[in-house]
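Trainee: Pasting a structure here, questions to come.
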Amino acid sequence: MNTKSLIKLWMALALSLTSLPGIAQNILTVRSVQDFEHSMTSLQSSIETHGYKVAHVQRCDSGLTGLGYETDRYRVVFFGKHEEVRRLSADFPELIPFLPLKIAVFAEGEQTIISSINPTSLGEFYADDRLRIQFKRWENDLRSILTDMQQGDTTAAAAGEE
Amino acid sequence: MKIRSIVIALIALACPPQLLAAPDGAALYETNCAACHQVNGGGIGLPLSASKLATVSDNYIKSTIRHGRVGRIMPAFPELSSAQVDAITAYIRNWSGVAGPQYPDTPLPGDRRRGGSLFKIYCSSCHSPDGSGEGLGTGVTYSRGRSFAVMPPAITNPGFLASASDHMIKRVIMLGRPGTAMKSFLDVGLRDNDFNDLVSYIRSFEARQRNPPPAVEEEAQKSPALMFDSPNDFATTIASIKSAIEGRNFRYLPDRHLEKGLADSSQVNRRQMTIRYCNFEQLYKMMRVEPRLGVGLPCRITVIEKDDGTVQLIAMNMRLIAQLFNNDQLLEYAEELHEIQLEIIDDAML
């Protein structure tokens with residue numbers, strides 16, 4: 001085997017391994033052992049750390065309980081970057097139903113579940129390459145935020161919080 | 001010798017580090033499973049209790065991870081390597097420290113027709129006459145009471161049928177699952193040939209599952225946004241949507257400009273208005289079968305006026321977005337909502 005063949009072998013191997021598919025989850029979901037209130041605080045902090053602004057928080061539980069339906073605490077957090085929302089809504093109005101981004105947060109007893117649509121799962125419906133890149137960026141940010149929620153558990157525990 | 005060393009070194013360079021290390025079952029479980037099954041197998045997913053694990057083989061667990069449960073919340077994980085699936089399985093198995101049972105792969109001979117009659121008598125009251133499960137939801141409760149602590153499995157599900165061997169199904173029917181409503185039918189008085197006939201009938205569901213309906217594929221070709229040009233001006237379009245919503249038993253939430261909250265109010269584009277509404281009865285019904293539904297809430301139609309004066313109505317395609325959840329029950333409800341949404345838009349554009 002000569003050097004040229006070795007280089008070819010290495011390139012083929014590297015390409016095949018780096019193109020392994022990622023985990024294609026349509027709905028990104030994590031569980032936090034923090035309670036609901038702590039999770040809401042951590043989430044909003046992480047969203048802002050990632051360069052987004054929380055636009056508003058929708059309370060889903062109050063409407064339900066107000067009409068007599070039993071539910072635990074449930075919020076939807078809307079967030080985005082102003083310039084990004086403006087640009088994308090002008091260039092791609094078909095994205096508007098997904099703007100701003102949102103994350104659902106709901107209590108399950110003393111723990112909290114945090115979910116979001118994986119923007120990359122929308123990519124198959126949009127042919128434009130610029131959107132595919134955008135979806136991937138959002139996915140990376142959302143995964144990082146959700147990871148923060150889980151790592152926040154560790155931080156809280158280390159700090160002696162409940 | 002030298003060339004071999006170079007090849008090994010190059011392979012090592014090409015491999016991502018996670019492929020070189022043995023998969024960490026605990027970490028993989030935490031990443032892929034714990035959101036629904038909690039760290040100990042509880043949570044909104046089907047409980048991975050010791051009594052359940054005692055009746056299922058490692059192959060069943062691995063195949064379940066690989067195939068999921070089509071149309072239920074449990075997703076398939078085709079991306080995980082065999083070593084990763086093995087690691088998760090070993091991690092789950094270690095909770096009890098007891099090795100799982102092993103079942104032969106050989107099919108059991110049985111009378112399918114007779115099995116169907118037995119199924120109606122002994123099984124259909126929990127698993128429903130068509131074997132699809134109790135009806136609403138999956139796993140354990142989401143902040144509400146349910147008639148079962150654990151939903152009876154959809155034994156028609158292709159993921160279940162691909163994972164469970166005939167001998168495993170037979171054993172579960174014979175001995176039941178302690179701690180659940182699934183009792184021992186040996187105690188009820190059924191005999192060996194009855195079990196074989198029941199298994200034969202359950203296995204016959206497989207043939208009906210081989211070809212998925214084409215509708216899903218057709219839907220996947222459509223856009224996740226419903227977009228229509230309005231024949232009216234911006235203000236009239238908004239008023240028309242509100243009027244159309246009023247007639248359909250929805251409750252308004254305050255209108256919001258799309259950019260509201262992202263910038264000072266003076267900088268917000270006022271020609272992008274979102275009209276938000278909710279039918280709480282419908283919402284409750286849908287959240288019972290899919291607690292993560294909030295990622296698509298609330299119902300809303302956004303009206304935009306473009307620079308050229310064109311006015312458009314834009315809404316989420318609920319029918320298509322619901323497909324992301326891998327939940328057939330949600331699809332049925334989303335279809336209802338989709339039709340109502342289209343009616344509202346139709347009325348608003350008159």
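The values are calculated or read from the model by the stated rules, or taken from the named source; none is laboratory data. Predicted model, so just to flag it, every value in this text is computed and none were measured. Cβ atoms come from the backbone with ideal geometry, glycine included; neighbour counts cover every protein chain shown.
Trainee: Being under 25 Å from B:Ser230 (Cβ atoms) and under 21 Å from the mean Cα position of the chain (by Cα): is that true of B:Met349 here?
Mentor: no
Trainee: Can you tell me how many residues within region B:51-80 are in contact with a helix residue (DSSP H, G or I) (Cβ under 8 Å, 6 or more places away or on another chain) and either in a loop (DSSP other than H, G, I, E, B) or within 14 Å of chain A (Cβ to nearest Cβ) (or both)?
Mentor: 16
Trainee: Could you grab the pairs with beta carbons closer than 8 Å, sequence gap of 6+ or different chains, first residue in region B:167-187 and under 9 Å from B:Thr55 (Cα atoms), second one small (Gly, Ala, Ser) and surrounded by 17 or more Cβ atoms within 10 Å (Cβ to Cβ)?
Mentor: B:Met168/B:Ser57
Trainee: If you take the residues in region B:294-337 that are polar (S, T, N, Q) and modelled with pLDDT under 85, which one is nearest to A:Thr120 (Cα to Cα)?
Mentor: Here the answer is B:Asn326.
Trainee: Can you tell me which residues in region B:81-120 are small (Gly, Ala, Ser), more than 21 Å from B:Leu53 (Cα to Cα) and in a loop (DSSP other than H, G, I, E, B)?
Mentor: Of everything in region B:81-120, those that are small (Gly, Ala, Ser), more than 21 Å from B:Leu53 (Cα to Cα) and in a loop (DSSP other than H, G, I, E, B) turn out to be B:Ser81, B:Gly110.
Trainee: Another question about this same structure. Using the structure shown, decide if B:Asp307 is touching a helix residue (DSSP H, G or I) at 6+ places or on another chain (Cβ under 9 Å) and in a loop (DSSP other than H, G, I, E, B).
Mentor: Spelling it out, B:Asp307 is indeed touching a helix residue (DSSP H, G or I) at 6+ places or on another chain (Cβ under 9 Å) and in a loop (DSSP other than H, G, I, E, B).
Trainee: With respect to the numbered conditions (1) within 10 Å of chain A (Cβ to nearest Cβ); (2) not in a loop (DSSP other than H, G, I, E, B), which one is the sole condition not fulfilled by B:Asp347?
Mentor: (1)
Trainee: If you scan region B:163-200, which residues turn out to be buried (at least 16 other Cβ atoms within 10 Å of the Cβ) and either assigned to a loop (DSSP other than H, G, I, E, B) or at pLDDT below 90 (or both)?
Mentor: Within region B:163-200, B:Ala164, B:Ser165, B:Gly176, B:Arg177, B:Thr180, B:Met182, B:Leu190 meet the criteria.
Trainee: Another one. Of the residues that make up region B:238-261, is at least one among the hydroxyl-bearing types (Ser, Thr, Tyr) and touching a Lys or Arg at 6+ places or on another chain (Cβ under 8 Å)?
Mentor: The answer is yes, given that some residue of region B:238-261 is among the hydroxyl-bearing types (Ser, Thr, Tyr) and touching a Lys or Arg at 6+ places or on another chain (Cβ under 8 Å).
Trainee: A further question on this structure: Enumerate the pairs (first residue in region B:266-293 and over 23 Å from B:Glu246 (Cα atoms); second residue anywhere and part of a loop (DSSP other than H, G, I, E, B)) with beta-carbon separation below 6 Å, excluding pairs fewer than 6 apart on the same chain, so at least 6 apart or on different chains.
Mentor: B:Val268/B:Glu259; B:Asn269/B:Glu259; B:Arg288/B:Leu136; B:Arg288/B:Gly137; B:Val289/B:Leu136; B:Val289/B:Gly137; B:Glu290/B:Asn327; B:Pro291/B:Tyr142
Trainee: Can you find, within region A:50-93, the residue that is farthest from B:Arg270 (Cα to Cα) among those that are in a loop (DSSP other than H, G, I, E, B), facing chain B (nearest Cβ under 8 Å) and of a type outside the set (Ser, Thr, Tyr)?
Mentor: So, considering only residues that are in a loop (DSSP other than H, G, I, E, B), facing chain B (nearest Cβ under 8 Å) and of a type outside the set (Ser, Thr, Tyr), the one farthest from B:Arg270 (Cα to Cα) is A:Glu70.
Trainee: Consider B:Ser124 carefully, then state whether it is at pLDDT below 90 and closer than 24 Å to B:Ala154 by Cβ.
Mentor: So B:Ser124 fits the description; yes.
Trainee: Give me the residue from region A:99-121 that is more than 8 Å from chain B (Cβ to nearest Cβ) and assigned to a helix (DSSP H, G or I) and, out of that set, nearest to A:Ile145 (Cα to Cα).
Mentor: A:Pro119
Trainee: On to the next question. Restricted to region B:278-309, and to residues that are closer than 21 Å to A:Glu94 by Cβ, out of contact with any strand residue (DSSP E or B) (no Cβ under 6 Å at 6 or more places or on another chain) and within 11 Å of chain A (Cβ to nearest Cβ), which residue is surrounded by the most Cβ atoms within 10 Å (Cβ to Cβ)?
Mentor: Result: B:Gly296.
Trainee: Something else about it: Every residue in region A:104-127 that is within 10 Å of A:Phe36 (Cβ to Cβ) and either among the aromatic types (Phe, Trp, Tyr) or within 10 Å of the chain's Cα centre (by Cα) (or both), please.
Mentor: A:Phe106
Trainee: May I pose another question? In region B:310-325, which residue that is facing chain A (nearest Cβ under 7 Å) and closer than 23 Å to B:Ser132 by Cβ is surrounded by the fewest Cβ atoms within 10 Å (Cβ to Cβ)?
Mentor: The qualifying residue surrounded by the fewest Cβ atoms within 10 Å (Cβ to Cβ) is B:Leu324.
Trainee: Do the conditions hold for A:Ile96, that is, is it part of a helix (DSSP H, G or I) and more than 9 Å from chain B (Cβ to nearest Cβ)?
Mentor: No, not satisfied.
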